[in-house]
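Below is one structure, written out as structure tokens, with a few remarks after it.
The values are calculated or read from the model by the stated rules, or taken from the named source; none is laboratory data. Bear in mind that the values here come from a model prediction, so they are computed numbers and not experimental data. As a convention, Cβ positions derive from the backbone with ideal geometry for all residues, glycine included, and neighbour counts pool all protein chains shown.
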Amino acid sequence: MSDTAETPIPEAPPAITRAFVLAAGLGKRMRPVTATVPKPLVEVAGKALLDHALDRATEGGIETAVVNVHYLPDLIEAHLAKRGGAPRILVSDERAALLETGGGVKRALALLGDTPFLVFNADSFWLEGPAPNLARLVAAWDGTIMDILLLVAPTTTSLGYEGAGDFVMDADGRLARRGERRVAPFIYAGVAILKPGLFADTPDGAFSLNLLFDRAIEAGRLSGLRLDGQWLHVGTPEAIRAAEERVRLSAREG
């Protein structure tokens with residue numbers, strides 16, 4: 001028998017199987033549509049935005065999705081109860097107080113477990129390229145060199161977006177804020193992978209995920225993956241019509 005110890009085989013990182021879907025917001029910019037319907041239930045191309053997000057999550061291997069509720073919560077819960085199938089849905093109740101993006105995730109950590117998880121904006125909506133973007137995002141995750149991985153879309157080709165962009169990205173995929181630049185090449189597409197430990201030193205109550213993004217930037221551990229396809233910004237009633245027309249054109253082109 002050899003006295004030489006065998007080189008241990010590195011353990012594969014745990015699969016990302018849980019997601020948090022941000023569905024508690026007031027949807028003020030979508031009024032008057034959201035006066036009676038919460039924004040996650042607004043339909044684009046015959047399907048609620050929330051269902052678009054949950055279906056993408058399932059395609060990406062997500063087994064359990066935690067959905068937070070605050071505005072018109074009974075409507076969202078009733079809608080979720082009718083879905084059936086994957087993913088398994090758990091509800092994080094924020095009826096008492098709206099906790100913003102970071103506070104909402106922090107409240108639900110017990111449901112998300114102790115391994116990295118996905119965070120979706122309920123209105124994250126895009127047309128896929130040749131490769132499904134969620135699978136690409138999960139495959140690109142490397143917790144040894146990143147604390148957060150964002151799906152980012154090119155500012156210039158995103159439909160319905162008129163802002164100056166959010167991030168610049170270096171050759172290694174690390175992100176930095178736009179700063180004083182007039183236009184940044186990338187916008188956050190509303191999907192991220194985060195480590196639960198990032199929430200250990202965060203405020204109680206409401207706070208934004210931008211706090212964690214900025215901390216990761218300072219540590220050189222905020223990375224981005226460029227979306228393959230086209231991101232559609234669905235923020236106003238007019239944007240719904242533009243997005244639906246783009247979906248129709250895409251179907252014809254395909």
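Of all residues in the stretch 118-145, those that are part of a helix (DSSP H, G or I) and of a type in the set (V, I, T) total 1. Report whether or not R56 is touching a helix residue (DSSP H, G or I) at 6+ places or on another chain (Cβ under 6 Å), among the charged types (D, E, K, R) and not in a loop (DSSP other than H, G, I, E, B). In short, yes. Selection within the stretch 74-125: residues that are touching a residue at least 24 places away in the same chain (Cβ under 8 Å) and of a type in the set (K, R). The member of this set that is nearest to T144 (Cα to Cα) is K106. Here I89 passes the criteria (1) at negative phi; (2) surrounded by fewer than 21 Cβ atoms within 10 Å (Cβ to Cβ); (3) within 19 Å of the chain's Cα centre (by Cα); (4) in a loop (DSSP other than H, G, I, E, B) except the one numbered (4). Checked against the criterion of being out of contact with any Cys (no Cβ under 8 Å at 6 or more places or on another chain), within 25 Å of G25 (Cα to Cα) and exposed (fewer than 15 other Cβ atoms within 10 Å of the Cβ), the candidates E238, E180, E218 yield just one match: E238. Every listed requirement among (1) surrounded by 15 or more Cβ atoms within 10 Å (Cβ to Cβ); (2) within 17 Å of the chain's Cα centre (by Cα) is met by S208 save one, (1). The C-beta contact set for the stretch 232-253 (first residue within 23 Å of F186 (Cα to Cα), second residue basic (K, R) and surrounded by 11 or more Cβ atoms within 10 Å (Cβ to Cβ), distance under 8 angstrom, 6+ apart or interchain) comprises L232/R246; G235/R29; T236/R29.
Here is a yes/no grid of residues against (1) more than 23 Å from S208 (Cβ to Cβ); (2) in contact with a strand residue (DSSP E or B) (Cβ under 9 Å, 6 or more places away or on another chain); (3) modelled with pLDDT of 95 or more:
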site: A15; (1), (2), (3): yes, no, no
site: A19; (1), (2), (3): no, yes, yes
site: L22; (1), (2), (3): no, yes, yes
site: L26; (1), (2), (3): no, no, no
site: R29; (1), (2), (3): no, no, no
site: P32; (1), (2), (3): yes, no, no
site: E43; (1), (2), (3): yes, no, no
site: K47; (1), (2), (3): yes, no, no
site: G61; (1), (2), (3): yes, no, no
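For the stretch 130-177, a residue qualifies if it is charged (D, E, K, R), more than 16 Å from the chain's Cα centre (by Cα) and surrounded by 18 or more Cβ atoms within 10 Å (Cβ to Cβ), and exactly one does: R174.
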